[in-house]
Amino acid sequence: MGIKQKLANLKKNYRKLSGKIERGLIGKKQYVYYLEHCPVKEKTVLLESQLGGSLGGNIFAILKELCENPDYAEYQLYLSCKKEQMESRRAFLAGYGLAERTKLLSVSSKEYFKVLATAKYLINDNTFVHVFIKRPEQIYFNTWHGTPFKTLGRKIKKDYAGIGNAQHTMFTADYLLYPNEFTMEHMLEDYMIPNWGSAKILLSGYPRTSVFLTKGRRDEIRKECGIENMEVYAYLPTWRGIVGKVTSKQQNERLYRYLEELDTKLADNQRVYVKLHPVSVKDMDLSALKKVVPFPSEKYDTYEFLNATDGLITDYSSIFFDYAVTRKKIILFAYDKEEYIADRGFYFSMDELPFPQTATVDELLACMNAPKSYDDEAFIQKFCKYEHADVTNALLRRVLFGEASSLIEERELQDNKKKNVVFYLGAIKDNKITRAAMEFFHNADFENYNYMVIFKIEDLKKNQERLLPLPEEVTHFGHYDNISLSLWDMFLYKLWRDKKLLPYGLVKGIIEKKAGFESQRIFGGCRVDEVVQFTGYSVDMIAALQAMPCRKIIFAHNDMEKATKGKNGMDRKLLADAYRAYDVVAVTEEEHLAAVKNIAGEKVNITVVQNVAEYQKLL
């Protein structure tokens, strides 16, 4: 390798490391220390919206209640925020008089990870970073962020292998808030939570919609914006990204042409406030338009400003479920309906919605200029029946104080009480091990067992179709690869695992510590009765499953003595420890028995299993 190439590689590696540090590598590694050494702090609340990238909706409404209600005056409040948004977020909070009570935390900072590890109460509308491990003393309240119209979880047409962090949230949370039974049923079913999770279900109104049920600041906001005598619509379109073969840039150009046409045709007393997805905002400049103007997000909470409008224009966004509470006019501007449906699935047909659908600017204007002429009462009763002006305080008193409320209907998460068995199948490649597993699942005993297949999301991100042969009854749960260790321990661990430069005995304690954290991180909140390391490979997953406090089975499909040979071979001593620690070592060929005994010694429970029926008897 020449000097130029070496310098180029050094520069590349430096940039890679710098990027990791910027994204919070140091804080993530400190997180493990905080989990081990720092106690959980009572009366401390960490709030987070969209991984710190947003402040609005449920989290804003909850933060506002915590700041303004004297019942919570003793609570220390933290709010996560992306580093580049700290200044604007602080100004936004100051405008609402919330800055003094709220401490902002950069999501890439060590301080953020310390609070994540030590705050008694965690409140989120999405997911935490994938390294998150909920401690037993912590209470996690997840509100999610809307009634779904587009399919979610395993029903997503694309990226159904990447839903693991959302699943992890629902497995880990103590309380899951759903604004209607439709949301509850689809979220739980499509993320495959029943029978595995243990959260309490809270059926109640959304904190963010309570502003629609009070006069609030409607008149004040309209006056501040100079729109007292205007007919005001909000336009909140879904971000399309890539629809079919149309690029995001082309979509934005197409949308801008519609907005430009709308701007020329609106009456002088009409205004349309546009709130685009953050990705689209960067690529679209509305400054040349006069009557179609940007949403004042830097000054007003989305829902407070929506309360000041006269109607909503949207397309496939779940915002219409919330706005329906106002009983004001909702218009669907679905100019690319067929394209969008081809790319994303819906839970039910758009034609079942009561709202008028338009495809051109002229059709949109005609609906805007006509009185509301549809009946949305049945829709409101189905999706909005729990909404109430006082729901935010009721939810906080339930989560923080344990107080029941007539505004909250509590449900237990469904549990069929069958034995829960987790299988690790590696990257689920087309090989004899995977084929044996698939044969097992297609003949498995579903009357007495629930089965889950776990995998590393990175392994299937580009090959998610490998999940398709699994029977529908089998839960799949992906997790991101992670090394839950300090920087120094991680360095030593990688020298052993990747470079084979350190002996197993020197890093055994580090491996056990990592395994303990990883088993908590992956399975926190799950009811697991038995784990099966079906591949018999992957030192990370051998150790993580070995740390699980349940019955454990590990397979040996090959001559494992041969598997320990060579530069990339398995660590013989790690295998020996595993074979002794697992309750059963399942050997699929009698000729491999001797290899396992030679590695582990005589004190090991070995069983020969050669077909589906014998696999099932192991459980």
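The values are calculated or read from the model by the stated rules, or taken from the named source; none is laboratory data. Keep in mind that this is a model prediction, so the values were computed, not measured. Neighbour counts run over all protein chains shown; Cβ positions are idealised from the backbone, glycine included.
Considering the conditions (1) out of contact with any strand residue (DSSP E or B) (no Cβ under 8 Å at 6 or more places or on another chain); (2) surrounded by fewer than 20 Cβ atoms within 10 Å (Cβ to Cβ); (3) more than 20 Å from GLU472 (Cβ to Cβ), HIS130 is excluded by exactly one of them, (1).
Checking each residue in the stretch 573-619 for being surrounded by fewer than 17 Cβ atoms within 10 Å (Cβ to Cβ), farther than 29 Å from PHE441 by Cα and in contact (Cβ under 8 Å) with a residue 12 or more places away in the chain picks out LYS573, ASN598, GLY601, LYS603. Just one of the listed residues (VAL281, VAL292) is modelled with pLDDT under 90 and buried (at least 17 other Cβ atoms within 10 Å of the Cβ), namely VAL281.
If ILE331 satisfies every condition in (1) modelled with pLDDT of 95 or more; (2) under 20 Å from LYS223 (Cα atoms) but one, which is the exception? Here ILE331 clears every test but (2). GLY516: under 28 Å from the mean Cα position of the chain (by Cα), assigned by TED's automatic domain parsing to the domain that holds PHE441 and part of a strand (DSSP E or B), yes or no? When the stated conditions are applied, GLY516 does not pass them. Just one residue in the set ILE483, ILE454 is under 22 Å from the mean Cα position of the chain (by Cα), of a type in the set (A, V, I, L, M, F, W, C) and part of a loop (DSSP other than H, G, I, E, B); that residue is ILE483. If you go through the stretch 536-547 and keep only what is in a loop (DSSP other than H, G, I, E, B) and crowded, with 22+ Cβ neighbours inside 10 Å, you end up with just GLY536.
Residues being in a loop (DSSP other than H, G, I, E, B), on the phi < 0 side of the Ramachandran plot and hydroxyl-bearing (Ser, Thr, Tyr) are represented in the stretch 398-407 by at least one member. Quick check on my filter: what residues within the stretch 318-348 are under 28 Å from the mean Cα position of the chain (by Cα) and closer than 18 Å to GLU387 by Cβ? Once the filter is applied, which keeps residues that are under 28 Å from the mean Cα position of the chain (by Cα) and closer than 18 Å to GLU387 by Cβ, the stretch 318-348 yields SER318, ILE319, PHE320, PHE321, ASP322, TYR323, ALA324, VAL325.
Look through the stretch 59-75, keep the residues that are more than 21 Å from ASN126 (Cβ to Cβ) and among the charged types (D, E, K, R), and return whichever of them is surrounded by the fewest Cβ atoms within 10 Å (Cβ to Cβ). So the residue we want is GLU74. Taking each residue of the stretch 211-222 that is over 16 Å from ASN58 (Cβ atoms) and looking for partners that are among the small types (Gly, Ala, Ser) and surrounded by fewer than 16 Cβ atoms within 10 Å (Cβ to Cβ) with beta-carbon atoms closer than 6 Å, six or more apart or interchain, yields THR214/ALA389. Output yes when any residue across the stretch 124-146 is within 18 Å of GLU458 (Cα to Cα) and of a type in the set (Asp, Glu), and no when none is. Within the stretch 124-146 (the criterion being within 18 Å of GLU458 (Cα to Cα) and of a type in the set (Asp, Glu)), the answer is no, since none of the residues qualifies.
Across the stretch 523-535, the qualifying residues are those that are farther than 21 Å from LEU574 by Cα and not charged (D, E, K, R), and the one among them that is surrounded by the fewest Cβ atoms within 10 Å (Cβ to Cβ) is GLY524.
The condition of being closer than 26 Å to ARG135 by Cβ and surrounded by fewer than 20 Cβ atoms within 10 Å (Cβ to Cβ) holds for only one of ASN482, ASN463, ASN448, ASN443, that being ASN482. Here GLN546 passes the criteria (1) within 30 Å of VAL32 (Cα to Cα); (2) touching a strand residue (DSSP E or B) at 6+ places or on another chain (Cβ under 9 Å); (3) without any contact (Cβ under 8 Å) to a residue 12 or more places away in the chain except the one numbered (3). Every condition in (1) outside any helix (DSSP H, G or I); (2) assigned by TED's automatic domain parsing to the domain that holds VAL325; (3) surrounded by fewer than 13 Cβ atoms within 10 Å (Cβ to Cβ) is met by LYS372 except one, and the failing one is (3).
Among the residues making up the stretch 103-121, a single one is hydroxyl-bearing (Ser, Thr, Tyr), within 20 Å of ALA73 (Cα to Cα) and buried (at least 22 other Cβ atoms within 10 Å of the Cβ): TYR121.
What do you reckon, is ARG435 surrounded by fewer than 19 Cβ atoms within 10 Å (Cβ to Cβ), part of a helix (DSSP H, G or I), modelled with pLDDT of 95 or more and of a type outside the set (Val, Ile, Thr)? Yes: the conditions hold for ARG435. For the stretch 171-203, the set of residues classified as in contact with a helix residue (DSSP H, G or I) (Cβ under 7 Å, 6 or more places away or on another chain), within 19 Å of GLY478 (Cα to Cα), surrounded by 17 or more Cβ atoms within 10 Å (Cβ to Cβ) and in contact (Cβ under 8 Å) with a residue 60 or more places away in the chain consists of MET192, ILE193, TRP196, GLY197, listed by residue number. Against the definition (more than 30 Å from VAL361 (Cβ to Cβ), of a type in the set (Lys, Arg) and at pLDDT below 95), how does LYS215 come out, yes or no? Yes, satisfied. Could you tell me how many of the residues in the stretch 405-426 are surrounded by 11 or more Cβ atoms within 10 Å (Cβ to Cβ) and more than 26 Å from the chain's Cα centre (by Cα)? Selection size over the stretch 405-426: 4. The listed residues are ALA334, ALA308, ALA324, and the only one of them that is buried (at least 16 other Cβ atoms within 10 Å of the Cβ), in contact with a Lys or Arg (Cβ under 6 Å, 6 or more places away or on another chain) and either within 28 Å of MET187 (Cα to Cα) or touching a residue at least 40 places away in the same chain (Cβ under 8 Å) (or both) turns out to be ALA308.
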